[in-house]
Structure formats: structure tokens, C-alpha cells
Amino acid sequence: SELTVASGEITVTSSVHTVDTEGDAASDDLYTINGGSDGSILTLMSITGTRQVTLKDAASGTNLRLAGDFTLSSSNDTITLMKKGTVWREISRSDNA
């Protein structure tokens, strides 16, 4: 199912989601992922390569721990995360631009 970034956040309801920018903007930053429980696995994909969502690594106020910022810049890009406590940690990424 599709999630839209709202003020830098999304709330997950399943283990796989496509992500889109707020207001169909050309780009958007994702700082916080709400939902999920300890041990949850989550895969995110871009809804379209023309609206890019950048997941921000350990920025102020974020609960993402990544191997650096990652931009979903193609509809073929994916990132997989696991929740540990309140933090989502990167397991893998696939940059298929």
C-alpha cells in the first residue's frame, strides 16, 4: 500500500509499502517511521522515480539508523529495515536507478 510523507513522517501498517512525497513535490525527506513493533521487517519502495523520497540517517529527531542517507530515486529502488525498540535499522538497500 502507498504511504505519503507528512511533515517528514510515515506510519506503517504492513511490511511492504510504496512511498510518495507530500503534495506530490519533486522531493521530500523522511525522518521518522511510526508503527511496527520490535523485530518488524519493513521494505520501502518509491512510488515513482519522478518524486524522490530521501530517508535521513540519524538526523535530529529521526528514528532511522542507516548506512548514510538513501534516496528512493527510481521505482526500482528498495530499502529494507528492522525495528529494534523505537529505532528502524537498515538491513539492506537496492539502488537500481
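The values are calculated or read from the model by the stated rules, or taken from the named source; none is laboratory data. This one's a predicted model, so the numbers in the text were calculated from it and none came from an experiment. Glycine gets a Cβ as well: all are built from the backbone with ideal geometry, and neighbour counts include every protein chain shown. These area figures cover heavy atoms from the full protein model, side chains too; ligands, DNA and RNA do not enter into them. Shrake-Rupley method; radii C 1.70, N 1.55, O 1.52, S 1.80 Å.
For segment 25-51, a tally of residues being under 22 Å from S74 (Cβ atoms), of a type outside the set (V, I, T) and in contact with a strand residue (DSSP E or B) (Cβ under 9 Å, 6 or more places away or on another chain) returns 12.
Taking the criterion of being open to solvent by less than 20 Å² (accessible area, probe 1.4 Å) and over 15 Å from T32 (Cα atoms), the only residue of segment 75-89 that qualifies is D77.
Being of a type in the set (G, A, S) and part of a helix (DSSP H, G or I) is the filter here, so list the residues in segment 1-46 that pass it. G23 - this is the single residue of segment 1-46 that is of a type in the set (G, A, S) and part of a helix (DSSP H, G or I). Can you name the residue in segment 47-61 that is β-branched (V, I, T) and assigned to a strand (DSSP E or B) and is also surrounded by the fewest Cβ atoms within 10 Å (Cβ to Cβ) among such residues? Once the filter is applied, the top-ranked residue is T54. Exactly one residue out of L44, L64, L72 is touching a Phe, Trp or Tyr at 6+ places or on another chain (Cβ under 8 Å) and open to solvent by less than 40 Å² (accessible area, probe 1.4 Å): that is L64.
Okay, residues lined up against (1) without any contact (Cβ under 8 Å) to a residue 60 or more places away in the chain; (2) at negative phi; (3) touching a Lys or Arg at 6+ places or on another chain (Cβ under 6 Å); (4) among the aliphatic types (A, V, I, L, M):
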position	(1), (2), (3), (4)
V16	yes, yes, no, yes
I33	yes, yes, no, yes
T62	yes, yes, yes, no
G68	yes, no, no, no
S94	yes, yes, no, no
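Only one entry in E9, E2 is farther than 22 Å from D95 by Cβ and either open to solvent by 70 Å² or more (accessible area, probe 1.4 Å) or at pLDDT 95 or above (or both), namely E9.
Just for segment 62-89: of the residues that are assigned to a loop (DSSP other than H, G, I, E, B) and under 19 Å from E9 (Cβ atoms), which one is farthest from the chain's Cα centre (by Cα)? Only one residue tops the list, namely G85.
Does N96 meet the test of being part of a loop (DSSP other than H, G, I, E, B) and loosely packed, with under 13 Cβ neighbours inside 10 Å? The answer is yes for N96.
Across segment 62-97, the qualifying residues are those that are among the small types (G, A, S) and touching a strand residue (DSSP E or B) at 6+ places or on another chain (Cβ under 7 Å), and the one among them that is farthest from T18 (Cα to Cα) is A67.
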